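K.L.:
This is the structure I want to talk about, given as structure tokens.
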Amino acid sequence: MSLKLNPEARAIYRSIRDEIAKKLLLRGSEAFLDEFSPTTNPEEIARRQAYLRENLQRIKPEIGEFIEKVQPIHFRREYLHDRILIVDESEVEKAEALGLCAVSTDPADAEDYPLVLSTVGYGIDVELTPTQITPELYVQPLWENRDTLEALAKIAELTGEKSIAPELLKQINDIKTTMDRLSTIEQLEEILHEKELELNEKISKRLEQFSLTLKGKELLEFLSELKSGDYGAIFRHFSSVENEILEMIREVEEELEESLGTSVEIFSREELYPVSVPPERIELIREELTRDFKVEMYLKSRELAEKIRPLIPRLKQEIRNVYRLDFLRAVKLFTEGFSFPELGDNGIAFLKGRHIFIENPQPVSYVIGKKPEWFDVEGSERVLDENVVILTGANSGGKTSLLELVTQIAILTHMGLPVPAERAGVSVLDEIFFFRRKRSTYGAGAFETALNGFVKALKNEGRKLILIDEFEAITEPGAAVKIIGELLKVAHERGFYVVIVSHLGEDLKKELPFARVDGIEARGLDERLNLIVDRQPVFGKVGRSTPELIVERLARKKRGKEKEIFERILKAFKKD
Ligand SMILES: Nc1ncnc2c1ncn2[C@@H]1O[C@H](COP(=O)(O)OP(=O)(O)OP(=O)(O)O)[C@@H](O)[C@H]1O
């Protein structure tokens, strides 16, 4: 059964859960967090504690860097448009049912496809299985997620667990050269235009250096050739440079043919300067390269897919495990310095508890219910195993924060997590109620709602922890004493654990002999007249309220008549 929480207790649970969730690196890990929602089953809590005790210590801090890089790897069945499967009439139905690519019985249909596969000898021979027809679907996701594989390998090194990732990385490395070809295809236009630019610069330099030197007689010949319009003869004077340019083009072309693996003439010869790659040639080259790439990729993938496929379930398992590690890492970070509580059935006690959301809090030790023998702190001899405690004390003394801390410790215990205290013992409960003080709501409405809430909390039997933050603010003190008095009697009779914040400590104490009254007090005033508060409640003692402390301070500071008056006020306090 899950632990019941009223809305304000639930809000505290949510804030704890969010704080842990904030530390998760992967989205998928939150599911684990929900497996640790508060439960009322002591065996389940003990099981979670044992699990965390064993596993938290295995999480090394540097693991986060690698967890972060893990992405889910999806092996999707996809319909690939780049291939056709030529089969026998009798196989059409089965082949189509695979839904992996176009299927035909007519070899003439093959023309439009870069990849032709066949069971009847019209292309690359295949059997009707996904690994043979679309082996790339097993290989490509791994290639694209090499970072994940590398991270998995590192994580396994850190946890000392076995990993399939190094093996997969080794396999997948076989397609590296093929994949390089793909990136060449993707950058084809850029590569060619860059070469075109280089080539034109080279030619332009050569042309700058070119000078036509004609000696006397040659000049006369040249002029007469011009006059007669004999262009053939004129161009002959330039043929040496033209040949040079052609040679330059050929050289670059050869180089490209080799690096790209194409035999298509790349640069146009119509105009020698500036040279250019016609767009239709780029397309032609792209098509040629793509076709070669597809066939090569297919063949290599086919070899690999057979080896990879049986390893995929283990890979998936390993990725799931990373989410678990992510969860453990978040819990470890969150619970740094915490300790596992002892489970009991006598109340809640803790030593040096630290409020989760207060920075650098003063540690506080507290007990509600039976005092464990290890609970040995100053003044704890005044603790008499009371289930009901009235918490009094200075304004801003930390009363609300203490109720929150008690709730945090109780909730974390029921989640199976360590708690922010040096040592803790916590009863397994059925329900936790937290009633916050409503500062701004006055009047009968607020009073009625609050009263209704308390009575609902007390109504049923069960193991309950009830925390109430100052109820009298919304009614008159006289009425409050009567109401709180009766409510606490009911709580006491039913064995509930209750802490109620109240300024009516003295009056309540008279009414409720079974209850303990604790007080949070100021140690004094600092130089700016601010209270220096000791957050540790004093057990069994009404906390002096802030006005009393101020009066005391003034009584000590002043002289003469004024001092007399202050001392008289102080005496009035002491009479209580
Ligand atoms: N253990 C602690 N260590 C350090 N700071 C604390 C501690 N407990 C409370 N505080 C700080 O003291 C301030 C007052 O705390 P809190 O509201 O709990 O006091 P309160 O006694 O409920 O006050 P009020 O009388 O107004 O109801 C808050 O800013 C809180 O962060």
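The values are calculated or read from the model by the stated rules, or taken from the named source; none is laboratory data. Remember, it's a predicted structure, so these values are computed and weren't measured experimentally. Note that we place each Cβ from the backbone using ideal geometry, even for glycine, and neighbour counts take in every protein chain shown. Heads up: the accessible areas ignore ligands, DNA and RNA and are worked out on the full protein's heavy atoms, side chains in. Shrake-Rupley method; radii C 1.70, N 1.55, O 1.52, S 1.80 Å.
K.L.:
Hey, got the dipole for the chain? About the Cα centre, +1 on K and R Cβ, -1 on D and E Cβ, debye to the nearest 20?
P.N.:
6180 debye
K.L.:
Follow-up question, since we're still on this one. Please give the per residue accessible area of the chain, computed with a probe of 1.4 Å over protein heavy atoms only, in Å².
P.N.:
For the chain, the solvent-accessible area averages 53 Å² per residue.
K.L.:
So, with +1 on the Cβ of K and R and -1 on the Cβ of D and E, and no other charges, what is the size of the charge dipole of region 349-485 about its Cα centre, to the nearest 20 debye?
P.N.:
With Lys and Arg at +1 and Asp and Glu at -1, about 280 debye.
K.L.:
Quickly estimate the mean residue ellipticity at 222 nm for the chain, helices only: each DSSP H run with n ≥ 4 gives -39500 (n - 2.57), and the total goes over all residues, rounded to 500.
P.N.:
For the chain, the value works out to -16000 deg cm²/dmol.
K.L.:
Roughly what % antiparallel, to the nearest 5, for the DSSP beta bridges in the chain?
P.N.:
Expressed as a percentage, antiparallel bridges in the chain total about 35.
K.L.:
Working with all protein chains in place, sort 297, 248 by solvent-accessible area computed with a 1.4 Å probe, largest first.
P.N.:
248, 297
K.L.:
Would you please name the GluC sites (Glu not before Pro) within region 1-79 that are DSSP coil residues with at most 15 other C-beta atoms within 10 Å of their C-beta?
P.N.:
35, 62, 68, 78
K.L.:
May I ask you to derive the FRET efficiency for residue 227 and residue 248 from their Cβ-Cβ distance with R0 = 30 Å, giving the value to the nearest 0.05?
P.N.:
Calculated transfer efficiency: 0.35.
K.L.:
Let me ask another. Taking H placed 1.01 Å from N in the peptide plane, check which residues at least 5 places from residue 517 or on another chain put their amide H under 5 Å from its amide H.
P.N.:
For residue 517, the qualifying residues are 390, 540, 541.
K.L.:
When the gyration tensor of the chain is built from Cα positions, what are the square roots of 5 times its three eigenvalues, in whole Å, from largest to smallest?
P.N.:
85, 35, 20
K.L.:
I would also like to ask the following. Can you tell me, using C-alpha contacts under 8 Å and at least 6 residues apart, the relative contact order of the chain as a whole percent?
P.N.:
That works out to 16 percent.
K.L.:
Using only the alpha-carbon atoms, how far is helix 477-494 inclined from the longest principal axis of the chain? Give it as 0 to 90 degrees, nearest 10.
P.N.:
80 degrees
K.L.:
To the nearest 10 degrees, how steeply does helix 560-575 sit against the main Cα axis of the chain, on a 0 to 90 scale?
P.N.:
It is inclined by approximately 90 degrees.
K.L.:
What ³J(HN,Hα) values, in whole Hz, does the Karplus curve 6.51 cos²θ - 1.76 cosθ + 1.60 give for region 508-515 when θ = phi - 60°, with x put for Gly and Pro?
P.N.:
Karplus values, whole Hz, x for Gly and Pro: 5, 4, 4, 6, 10, x, 7, 8.
K.L.:
Tell me the trypsin sites (Lys or Arg not before Pro) within region 1-89 that lie in a loop according to DSSP and have at most 10 other beta-carbon atoms within 10 Å.
P.N.:
22, 76, 77
K.L.:
Calculate what fraction, in whole %, of the accessible area of region 151-276 sits on carbon and sulfur atoms when a 1.4 Å probe is rolled over the protein chains.
P.N.:
51 percent
K.L.:
Kindly provide the Kirkwood hydrodynamic radius of region 219-302 in Å, to one decimal, from all pairs of distinct alpha carbon atoms.
P.N.:
Kirkwood hydrodynamic radius for region 219-302: 16.0 Å.
K.L.:
Roughly to the nearest percent, how much of the accessible area of region 327-483 is carbon and sulfur, given a 1.4 Å probe?
P.N.:
50 percent
K.L.:
With every protein chain left in place and a probe of 1.4 Å, what is the accessible surface of residue 70, to the nearest 10 Å²?
P.N.:
10 Å²
K.L.:
Provide the per-residue ³J(HN,Hα) series for region 69-74, in order, calculated from phi with Karplus coefficients 6.51, -1.76, 1.60 and θ = phi - 60°, each as a whole number of Hz, with x at glycine and proline positions.
P.N.:
Each residue of region 69-74 in turn: 8, 7, 10, x, 9, 9 Hz.
K.L.:
Can you work out the Karplus-derived ³J(HN,Hα) for every residue in region 48-62? Use 6.51 cos²θ - 1.76 cosθ + 1.60 with θ = phi - 60°, whole Hz, and x for glycine or proline.
P.N.:
The phi angles translate into 5, 4, 5, 4, 6, 3, 6, 8, 4, 5, 7, 7, 8, x, 6 Hz.
K.L.:
A follow-up question, please. Please give me, ordered by residue number, the chymotrypsin sites (Phe, Trp or Tyr not before Pro) of region 272-374 that lie in loop per DSSP and have at most 16 other Cβ atoms within 10 Å.
P.N.:
357, 374
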